[in-house]
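Worksheet for the structure shown next.
Each value in this text was obtained by applying a stated rule to the coordinates, not by laboratory testing. Owing to the predicted nature of the structure, the values given are computational and were not obtained by experimental measurement. In this analysis, Cβ positions are derived from the backbone assuming ideal geometry, glycine residues included, and neighbour counts consider all displayed protein chains.
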Amino acid sequence: MLIRPDQFRIIHYAISKVSGAGLIYVLIAIFSLLGRSFDAVEFTNGLLSTGLAYLSAYMIICSVLIDVCTGWIKKNILIKIVLHPVAGMFFVTLFSTDPDYKELQYAINFIFGLLYFIGTLLAKRFVKTGYMFAIVISLSLLLLSMIDFTVKKQWVETKTETTYDASFELFNGKHEIPIAVKKGKKFEITIEAEHKNNQSYNMKIFDEEGHEVQMSNNLHEAKYESKFWAEFPIDKDGTVKLIMYGSHFSGSFHIEWSVN
């Protein structure tokens with residue numbers, strides 16, 4: 001079935017909007033690859049971050065609305081050049097929950113909005129470039145999401161029905177611990193970590209329905225030790241997931257849980 005001219009224009013318009021975000025992903029990838037200390041884990045996490053995905057979707061929607069609102073104005077290119085960076089900055093006002101470095105966030109999103117608009121212009125002028133950004137970038141992100149770049153060195157773990165222990169010289173990436181639970185119970189978990197270097201780690205707990213569970217603040221005051229705790233009810237049979245994230249982290253984890 002042949003595509004009618006009006007259908008082709010709609011498809012090309014949609015691809016031009018996606019291509020704007022594709023340009024951002026390409027530039028981030030290039031700067032990461034050219035960095036002095038390339039890290040495959042950080043590179044992948046950066047490209048696949050939900051924040052970047054939300055910002056890209058937001059800019060696509062805003063760009064369409066800008067076209068609708070300025071369509072009646074002749075030679076509206078200058079207006080669009082102004083409105084796209086402004087829309088990028090407005091994203092910080094709407095969704096940012098971090099009060100620190102607000103000025104830096106505004107500056108970054110201003111540049112993001114401007115580069116996004118440049119990407120849409122390139123896609124309209126160079127059709128093949130638009131298709132490359134829209135299709136190749138999407139496939140690349142899908143491929144990256146399927147590869148685990150986690151690095152573990154001298155990793156020693158021990159697991160029982162209610163505990164998990166791991167010690168290591170290097171942990172860079174993520175490690176998932178699934179815990180089977182039953183409906184009608186109350187799940188309680190305590191996580192202790194010992195630090196051997198100044199690098200960071202993080203953790204997230206997802207209940208049996210896949211919702212992230214809020215954890216306590218650090219209960220340890222020691223410089224090289226940390227302790228966290230969480231408790232929540234189980235509404236159906238399933239699996240609680242504890243995901244540990246490390247960034248060149250050296251040390252150990254001790255995890256205990258109970259289902260009452």
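Ellipticity at 222 nm from helices only: DSSP H runs of n ≥ 4 in the chain, each -39500 (n - 2.57), divided by the residue count, give -14500 deg cm²/dmol. Scalar couplings 3J(HN,Hα) for region 9-20, obtained by applying the Karplus form with A = 6.51, B = -1.76, C = 1.60 to θ = phi - 60°, are 4, 5, 4, 5, 4, 4, 5, 4, 5, 5, 5, x Hz; x denotes Gly and Pro. This model, with +1 at the C-beta of Lys and Arg and -1 at the C-beta of Asp and Glu, gives the chain a dipole about its Cα centre of some 1640 debye.
Suppose the chain between residue 54 and residue 213 were pulled fully straight at 0.36 nm per residue; how much longer would it get relative to their current alpha carbon spacing? Don't jump to the answer; show the numbers that get you there.
Numbers: separation 159, 0.36 × 159 = 57.24 nm, distance 2.12 nm.
The residue 54-residue 213 span can extend by a further 55.1 nm.
When a footprinting reagent is the concern and you count Cβ atoms within 10 Å, what order do 225, 192, 103 take, fewest first?
Placing the least packed residue first, the sequence is 103, 225, 192.
So how strong a dipole does region 151-259 carry about its Cα centre when Lys and Arg Cβ are +1 and Asp and Glu Cβ are -1, to the nearest 20 debye?
Working: 14 positive and 18 negative charges, 46 e Å.
Roughly 220 debye for region 151-259.
Taking amide hydrogens as placed 1.01 Å from N in the peptide plane, the amide H of residue 203 sits under 5 Å from those of 245, each at least 5 positions away in sequence or on another chain.
Our Cα-only numbers for region 176-260 put the radius of gyration and Dmax at 13.5, 41 Å. With the contact rule set at Cα under 8 Å and sequence spacing of 6 or more, what percent relative contact order holds for the chain? Relative CO of the chain lands at 20 percent.
Which whole-number percent gives the relative contact order of region 142-234, counting Cα pairs below 8 Å spaced six or more residues apart? All intermediate terms of the calculation are to be shown ahead of the outcome.
Numbers: 112 pairs, mean separation 23.6, N = 93.
That works out to 25 percent.
Close amide H partners of residue 185, meaning residues 5 or more places away or on another chain with modelled amide H under 5 Å apart, are 234.
From the P(r) of the chain, could you give the percentage of C-alpha pairs in the tail past 32 Å? Working shown, then result.
Numbers: 13919 of 33670 pairs.
That tail contains 41 percent of the Cα-Cα pairs.
For the chain, the residue among 206, 51, 107 whose Cα projects farthest onto the positive side of the dipole built from Cβ charges is 107.
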